[in-house]
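J.: Before anything else, here's the structure in question.
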Amino acid sequence: MLVSAPSFEYFNVAIAAPDKAMEATTKHLAEGAEAKAGVMSVVRKLSSGEIAALRLKAGEVKPA
C-alpha cells in the first residue's frame, strides 16, 4: 500500500480554546468542495494584534 506525502495546510482561527479552534477548522474543511480528513494540531495562539491585522471576526476560520 502506497501512502502519499503529508499535506500541510494552515488556518487562522479567531477562537481562543485550541479544541474549539480545531473543531471549527474541521467544520470549515467539511463544508468545502472536497471534505478532507487527517491529523490536526494547533501550531500557536494568535495575538490580539494578529487577529486584528488578519481582520478575523470572532469564531471565523480563514486559510492562512
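J.: Any chance you could run the full-extension gain for GLU23 through VAL39? It's 0.36 nm times the residue separation minus the Cα-Cα distance, nm to one decimal.
T.: Working: separation 16, 0.36 × 16 = 5.76 nm, distance 1.22 nm.
Answer, rounded to one decimal: 4.5 nm.
J.: When ligands, DNA and RNA are left out and all protein chains stay put, how many square angstrom of accessible area per residue does the chain have with a 1.4 Å probe? Walk me through the numbers before you get to the answer.
T.: On the way: 5340 Å² over 64 residues.
Here the per-residue accessible area is 83 Å².
J.: If I compute Rg and Dmax of the Cα atoms in Å from the structure I just sent, which labelled value in [x] 11.8, 35; [y] 12.4, 40; [z] 12.9, 46 lines up?
T.: This structure yields the entry labelled [z].
J.: Given a 1.4 angstrom probe, I'd like the percentage of the accessible area of the chain that is carbon and sulfur, rounded to a whole number.
T.: Values: 3140 of 5340 Å².
So the carbon and sulfur contribution to the accessible surface is 59 percent.
J.: Please get the size of the charge dipole for the chain, origin at its Cα centre, with Cβ charges of +1 on Lys and Arg and -1 on Asp and Glu, quoted in debye to the nearest 20.
T.: Values: 8 positive and 7 negative charges, 39 e Å.
My answer is approximately 180 debye.
J.: Next up: Using +1 at the Cβ of each Lys and Arg and -1 at the Cβ of each Asp and Glu in the chain, identify which of SER48, PRO18, GLY32 lies farthest towards the dipole's positive end.
T.: Looking along the dipole axis, the top candidate is SER48.
J.: In percent, what relative contact order does the chain have, based on Cα pairs under 8 Å that are 6 or more apart in sequence?
T.: Numbers: 48 pairs, mean separation 35.3, N = 64.
The normalised contact order for the chain reaches 55 percent.
J.: Sticking with this structure for a sec: For GLU60, enumerate residues with amide H under 5 Å from its amide H, sequence gap 5+ or separate chain, H modeled in the peptide plane.
T.: Here ALA14 satisfy the definition.
The values are calculated or read from the model by the stated rules, or taken from the named source; none is laboratory data. Owing to the predicted nature of the structure, the values given are computational and were not obtained by experimental measurement. Here the Cβ is made from the backbone with ideal geometry for all residues, glycine too, and neighbour counts use every protein chain on show. The area values use the complete protein model at the heavy-atom level, side chains included, leaving out ligands, DNA and RNA. Shrake-Rupley method; radii C 1.70, N 1.55, O 1.52, S 1.80 Å.
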